[in-house]
Structures are given as structure tokens and as C-alpha cells.
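*Asks:* This is the structure, below, for whatever I ask next.
No value in this document is a laboratory result; all are computed from the given coordinates. Given the structure is predicted, the values throughout are model-derived calculations rather than measurements. All Cβ positions, even for glycine, are placed from backbone atoms using ideal geometry, and neighbour counts span all protein chains on display.
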Amino acid sequence: MLAFHPIGGDPEPLTGVYDCTRKRTTDGDYSLSFSIDRTETNAEQFDALQNKAKIECENELFVIDDVQREPLGDSFTKTITANHEMFDRLQANGIKTSYTATKSINDWLETILAGTGLDFEVIGNFDSQEFDNFGMTDSLTMFKNVIEQFECEYRVVGTHLVIAKLIGDVTDAQFRHGHNLKTFSDEYDTSNGALVTEVIAYGKNDGNGNPTISVDVKSANFDKFERPYIKIIQDERFTVESSLQAYAESLLSDGNYSAKVEYQELVRNGLKLHNFDIGDYIYCIYELSSGVGIDLQPRIVSIEDYPEDPTKSPVLELGNFFADITRNIMGLNKAASQQVKLTTDTKKAAERIDALSAEAVRYGDSEGEIS
């Protein structure tokens, strides 16, 4: 049941909503949306559903940021989108000082979150980062810059933020066709620069505009295509060629592969058989009687569920696979008798599992950054 927190009023049950959808992503998005029609019985509540009023869903507060109203016969309907209150707290907090300094992630977060009512914990180790003329804006803008600069992720629970290199865990949860996997679809996308077969990278300049180091790296699929797909970068942070080489290699990409599944939750004796959350790695197995199938170990990068309709299955978006499966897909020749096995890079998967498990914490790992 949703609760409505009108501006200046007391919380009350929110009734008459439909198409209620909650979405969370590893990119930090956390939103709630629904529709409601104006009737004689809910007219006062309908009219009070205004921007910056709050909706409570399972002990989390969401602030209404978008209200779309349309005529519906002799009345009106509204489509409401609300974002987690964390974003509103940060957006409303202004930083009136400009900073040029090198600080730890904890120090930067202390500065940014001061006055917001939010607290935080950082899991793992991060190198200090330098910011120039950083500030004179709202805390949300600065928070997003810190997340990007430190190359990390975050999760919010109430007013508590958890920051880690990687939010989530490696689990043994399985999504299997004919068991708890209702639907499966996937997509392989090479548009908008997703395909990068060559990276030309330049490091720190010598003061006269000339780079002191440079590297040129090519992917294993460089000769596969009619033309190269080049990414050119210049990054002042790099003064050692081997570090620049490793960074350039990390930018090579065979495209973006993603999958969506509709998950049917299984319960035994009142308990969920598989527990998972946003950012977790799970197993996804889809096998057909024809012999064609897909076997993945992906990460849950998005969860869309329906708090007001427990009979409706959640939709999960999967990505960030352990193995470099896009390379396998590019050369895939699916015959009806073939089993398409995509988790082929077992050594890479095992190394990643070891790295994640080493921290023995729920929310992430402590890998070092490339420097």
C-alpha cells in the first residue's frame, strides 16, 4: 500500500492508483510512477498530488517531480513520476564554496552531504582525486561528479548511502526457462560509438601541448570489419606508458549486449527460494527443446517491479557479463542443433568471483583504480 504525504499535511493511504511501477538501476536511478483518475471519492487527494509532495512505498520516500494531467471524460487523470527523496535533498542543498584540492572520497562526500540529512559509508579503497574549481552549485551535481570521478556506484536505503566500486554480490541464484524464467529477450547494439576496435590514447602533455606518451591499441576484431572504429582520447592523469596502455585496452569494445527477463518469484514455506538485488550477479539459463539455448552469468543492472500488484512478475535487465560474450555473439552461427554457450571465459569469471568474494561484504569490492 502506498502512502501519500501531502505538502503541509499528514500521511494518508493513497488509493485508486494503477500502473504503479518502481525502477532501480546500477546507475543510481530510483523512481516510482503511477496513474490515478479523479473521482468524487478521491477528488481532494487527487488535487493535492502536486510537485514536491511525497509518496511512501515500503518505507522509502519518493518526491513527486513530474505530473502529467489529461482530460478523461468529464474528469481528469494524472500520471505521476516521483524520484527517491535522496535526489531532492541533494538538489535543494547549495554549495557556496569553490574547491581546488586533492581529497579522499570520504572527505569529498562529507563536504557535499553536509546539511542534506544524508549519511554514508564507503566500502573498499579509493585513491584520492583532484578537483579544480569544484563547487558553487547544488550537492546533486557535485555528488554525480564524485561518483563519476571515483568510478564507483551507490545504493540508498532511507537516508543512508552506500558507496562502493561495485554495488552487489555474486550469488548462486538461477533464472531458468521452465522454472522461474517467464520470458527472455536480448539485444546486441553497436550504435552510437558502442563498437570500438581501435583506441589511440595520449597521456600528459609536456607543457607545449605535446603528449609525453601515446599508445595505439587494437581489438581482436579489428580486421573483421570494413573500416576501423576509432576512439581517440587525451588524459593528463597518465605519465606511465604501461598504465595508459592498460586504460586504452579497457576502452576497446565489441558492442553492448544486454538481456531482459521476466522473473517469476518462487516461494517455499513462505520464504523466497532465491534472494537477489540490484547489482548482483546471477545465472540465467534458457534452453529450448530444439537444442538452441543461452547460458549466461550476468549482472542485474535494472529491476522494474510493481508494488501494488504482487501477481505481476518483475522485469530485470541484465548486463555486465562475466565473460566477453559480445565477441562470441559477433561470430555466432546458430544452428538449430547447437547449444549457444556464452560463458566461455571461465578463467576471467573465476578471477572476478575471487576479487568480489575477497572483501566478504554485501555491497561491493575494493579493486584498485588504474592510475
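*Asks:* Please list 3J(HN,Hα) in residue order for region 199-204, calculated via the Karplus relation 6.51 cos²θ - 1.76 cosθ + 1.60 where θ = phi - 60°; whole Hz, with x for glycine and proline.
*Replies:* 10, 10, 10, 10, x, 5
*Asks:* Further question on the same structure: Which order do the peptides 162-168, 45-51, 207-213 come out in when sorted by mean C-beta neighbours inside 10 angstrom, highest first?
*Replies:* 162-168, 45-51, 207-213
*Asks:* Of L2, L72, L109, L14, how do they rank once you tally other Cβ atoms within 10 Å and put the fewest first?
*Replies:* Sorted ascending by nearby Cβ count, the order is L72, L2, L14, L109.
*Asks:* Among C57, C284, rank each residue by its count of other Cβ atoms within 10 Å, from fewest to most, as a rough exposure measure.
*Replies:* C57, C284
*Asks:* Then there's this: Where Lys and Arg each count +1 and Asp and Glu each count -1, what net charge lies around Y18 among other residues with Cβ under 11 Å from its Cβ?
*Replies:* -4
*Asks:* Taking a 23 Å limit on the Cα-Cα distance, which of the listed pairs K144/K165; K165/K224; K23/K182; K23/K144 fall beyond it?
*Replies:* Exceeds cut-off: K165/K224.
*Asks:* Using 10 Å bins from zero, what percent of all Cα-Cα pairs in region 111-220 falls into each bin?
*Replies:* With 10 Å bins starting at 0, P(r) equals 9, 22, 27, 28, 12, 2, 0.
*Asks:* Taking a cut-off of 22 Å, what percent of all Cα-Cα pairs in region 1-159 are separated by more than that?
*Replies:* In whole percent, the share of Cα-Cα pairs in region 1-159 beyond 22 Å is 49.
*Asks:* May I ask you to compute the full-extension gain from I213 to T97, defined as 0.36 nm times their residue separation minus their alpha-carbon distance, rounded to one decimal in nm?
*Replies:* Stretched out fully, the I213 to T97 stretch lengthens by 38.2 nm.
*Asks:* What number comes out for the charge environment of I285, summing +1 per Lys or Arg and -1 per Asp or Glu over other residues with Cβ under 9 Å away?
*Replies:* -1
*Asks:* Counting other beta carbons within 10 Å of each residue's own, what order do D119, D65 fall into, fewest first?
*Replies:* So the ranking, lowest neighbour count to highest, is D119, D65.
*Asks:* So what are the ³J(HN,Hα) numbers for region 59-65, from phi and the Karplus equation (6.51, -1.76, 1.60; θ = phi - 60°), rounded to whole Hz, Gly and Pro as x?
*Replies:* 6, 10, 9, 10, 9, 5, 10
*Asks:* Give me the Kirkwood hydrodynamic radius of region 195-254, using the inverse of the mean 1/r over all pairs of distinct Cα atoms, in Å to one decimal.
*Replies:* Every distinct Cα pair counted, the radius reaches 11.7 Å.
*Asks:* Further question: Give, in nm to one decimal, the length gained when the segment between K23 and E187 is fully stretched (0.36 nm per residue of separation minus the Cα-Cα distance).
*Replies:* Full extension from K23 to E187 adds 57.0 nm.
*Asks:* Quick one: compute the contact order of region 93-164, relative version, from alpha carbon pairs under 8 angstrom and 6+ residues apart, as a percent.
*Replies:* For region 93-164, the relative contact order is 42 percent.
*Asks:* Setting aside same-chain residues fewer than 8 positions from K312, which aspartates and glutamates have a Cα under 19 Å from its Cα?
*Replies:* Excluding near neighbours in sequence, the set is D19, E58, E262, E265, D277, E304.
*Asks:* Counting only residues 5 or more places away or on other chains, whose amide H sits under 5 Å from the amide H of I213 once H atoms are built in the peptide plane?
*Replies:* Close amide H contacts, sequence-distant or interchain: G203, K204.
*Asks:* Per q in 0.10, 0.11, 0.16 1/Å, what log10 I(q)/I(0) does a Debye calculation on the alpha-carbon atoms of region 3-88 return?
*Replies:* -0.23, -0.28, -0.58
*Asks:* From the backbone phi of region 113-120, what are the Karplus-calculated ³J(HN,Hα) couplings (6.51 cos²θ - 1.76 cosθ + 1.60, θ = phi - 60°) in whole Hz, Gly and Pro given as x?
*Replies:* Result, ordered by residue: 8, 4, x, 8, x, 9, 10, 8 Hz.
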